[in-house]
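Report on one structure; see the data block that follows.
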Amino acid sequence: MVKTENIEKAYETAKARYAELGVDTDKALAQLKNIKLSIHCWQGDDIHGFLNPNQELTGGIGVSGDYPGIARTPDELTADLHEGLSLIPGKHKVQLHTLYAVTDKKKDFNEIGPEDFKYWVDWAKEEQIGLDMNPTFFSHPKVKHNFTLASPEKEIRDYWIQVGKKSREISNYFGQELGQKSINNFWIPDGFKDNPIDKQTPRLRLLESLDEIFAKKYDENNTIEAVEGKLFGTGIESYTVGSHLFYNNYAISRGKLWTIDAGHWHPTEDVSDKFSAFMPFGKGLMLHVSRPVRWDSDHVVILDDALSRITRTLVRDNELSKTNIGLDFFDATIDRVAAWVIGARATQKALLQAMLAPIAALKKAELNYDFTTRLAVTEELKSYPFGAVWDEFCLQNGTPVGTDWLENIHQYEKDVLFKRN
Ligand code: RNT
Ligand code: ZN
């Protein structure tokens, strides 16, 4: 067990060290407390959901691993989320998918509406958290040859258009009931394994389908849509209808949010470099924080360079108020609850580290062409005692410090997860 007195001593010293640079650690702690992450429910059950859990996962995404304790029911998933959230400092949101509707009737995706998410809204009220939404356009027989909203068949498109419209009702319901804006994130898998003849018409069909879904106006204080593009998926390597440029243009021309998933780009591309190019034109961003290992592998997020670049950019460019930070990874080789905790805490650490910098002074140095100072200070900052400030954040928010939370996980495995199989 980490001793409180040691945390406090270390924090006082760290605070003094940062103050020498003109950085106010208390201010950073207060700022971090205001940032809600959108925790993805699907890490808890390998994206099975409750509507058709035996259907194979499609859309070119995949989960590997068979760690015991997977959540199989709404009560199991919410219990696991509750455990995970208790180990992540601060109050957050949870993102759902159509797949996670809770109903005892036999319902198809296009029939799922707000009434089938009452279970989640009641739970969110208890937890005092917000909910975000994602319409599900995969793992269903109506995905025909990898096509949904851009399908050449009107009947297929109409089916998925209905799913999209329903998701907006659901997201609006979340916003109304929980008193905080619900982001409704659209990602579709549509594309071709091999080189298409016609790259234009599928994109025109997607455009038309989206416009139809979004025709109805909702109060944006309750719900707003975000659109998520992709470079490729497994089995959809040659052409993705909803490419980045397509959705970038769509988001700007239709006043939607643009979703940037950290795994959806060429491995050497720095996604953080896109924020400042989009923001002057766009309404805001949704992020899917993820860790691609050589490809869009959706590994659990860790405090690495790619993550730090994302959070540093958001902090330095003042983009936090227009950015919704969601998580999107799935790993079943480790404890699924721990995966949430590791990924969320890493994201918060990266945010905090970004805040603990003399940003105004560095901007001034840059304006004065003093690139030496810029490089020297940012390098020195990397070994400043940021860990002590993070520990203090955990302490102040009543969550376990350091590796102490692992004890809770081991206990939860013993009491709950390992009893499931
Ligand atoms: C897929 C997208 C999408 C999904 C979730 C489950 O490549 O990243 O966000 O991961 O909807
Ligand atoms: Zn994503």
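Structural remarks
- Cross-link table Lys230/Lys363; Lys27/Lys349; Lys118/Lys181, entries beyond 24 Å C-alpha to C-alpha: Lys230/Lys363
- Under-5 Å amide H pairs with Ile260, H placed in peptide plane, nonlocal only: Met286, Leu287, His288
- 0 to 90° range, to nearest 10: angle between helix 405-415 axis and the chain longest Cα axis: 50
- Beta bridges per DSSP, both residues in the range 35-356: antiparallel share near 15 percent.
- For the range 234-288 and the range 85-133, distance of Cα centres in Å: 26
- Averaged per residue, the chain has 44 square angstrom of accessible surface, using a 1.4 angstrom probe with ligands and nucleic acids left out.
- Surface calculation, 1.4 Å probe, protein heavy atoms: His288 sits at approximately 0 Å² accessible.
- The slack between Leu245 and Asp198, meaning 0.36 nm per residue of separation minus the straight C-alpha distance, is 15.2 nm.
- In this calculation the C-beta distance from Gln31 to Arg254 is compared with R0 = 35 Å, giving a FRET efficiency of 0.65.
- Backbone N under 18 Å from the Glu220 label point (7 Å along Cα→Cβ), restricted to the range 306-332: 319-325
- Net +/- balance of residues flanking Lys414 in space, Cβ distance below 15 Å, scoring K and R +1, D and E -1: -4
- Neighbourhood charge, 15 Å Cβ-Cβ cut-off, centred on Ile129 and excluding it, Lys, Arg +1 and Asp, Glu -1: -1
- Length-normalised contact order for the range 1-101 - Cα pairs under 8 Å, 6+ apart - percent: 37
- Convex hull of Cα atoms in the chain, direction-averaged projection (nm²): 20.8
- Tilt relative to the chain, helix 305-316 - C-alpha long axis, 0 to 90 degrees, to 10: 80
- Given +1 at the Cβ of Lys and Arg, -1 at the Cβ of Asp and Glu and no other charges, the dipole of the range 35-356 around its Cα centre is 820 debye to the nearest 20.
- The largest accessible area among Arg203, Arg345 belongs to the first residue in Arg203, Arg345, and the rest follow in falling order (1.4 Å probe, all chains).
- Highest average packing first - 28-38, 207-217, Cβ atoms within 10 Å: 28-38, 207-217
- Label point of Asp211 set 7 angstrom out along Cα-Cβ; within the range 125-150, amide nitrogens under 18 Å from it belong to 149-150.
- Out-of-range pairs (alpha-carbon distance over 21 Å; input Lys93/Lys217; Lys217/Lys283; Lys107/Lys165): Lys93/Lys217
- Distance from the alpha carbon centroid of the range 6-84 to that of the range 403-421 works out to 16 angstrom.
- The local environment of Ile213, defined by Cβ-Cβ distances under 13 Å, has a net charge of +3 under the rule Lys, Arg +1 and Asp, Glu -1.
- Proximity of backbone amide H atoms, modeled 1.01 Å from N, is registered between Gly191 and Val241 at under 5 Å, excluding neighbours fewer than 5 places apart on the same chain.
- For Lys125 and Thr333, a Förster radius of 30 Å and the Cβ-Cβ distance give a FRET efficiency of 0.35, rounded to the nearest 0.05.
- A simple spin-label model places pseudo-atoms 7 Å from Cα toward Cβ; at Ile302 and Asn318 they are separated by 3.6 nm.
- Computed over the chain, relative contact order equals 21 percent, with contacts defined as Cα pairs under 8 Å that lie 6+ residues apart.
- Multiplying the residue separation of Lys363 and Gln396 by 0.36 nm and removing their Cα-Cα distance gives an extension gain of 8.8 nm.
The values are calculated or read from the model by the stated rules, or taken from the named source; none is laboratory data. These numbers come from a predicted model, not from an experiment. Neighbour counts are summed over all protein chains in view; Cβ atoms, including those assigned to glycine, are modelled from backbone coordinates with ideal geometry. The protein model used for the area step is the full one, side chains on, heavy atoms only, and it has no ligands, DNA or RNA in it. Shrake-Rupley method; radii C 1.70, N 1.55, O 1.52, S 1.80 Å.
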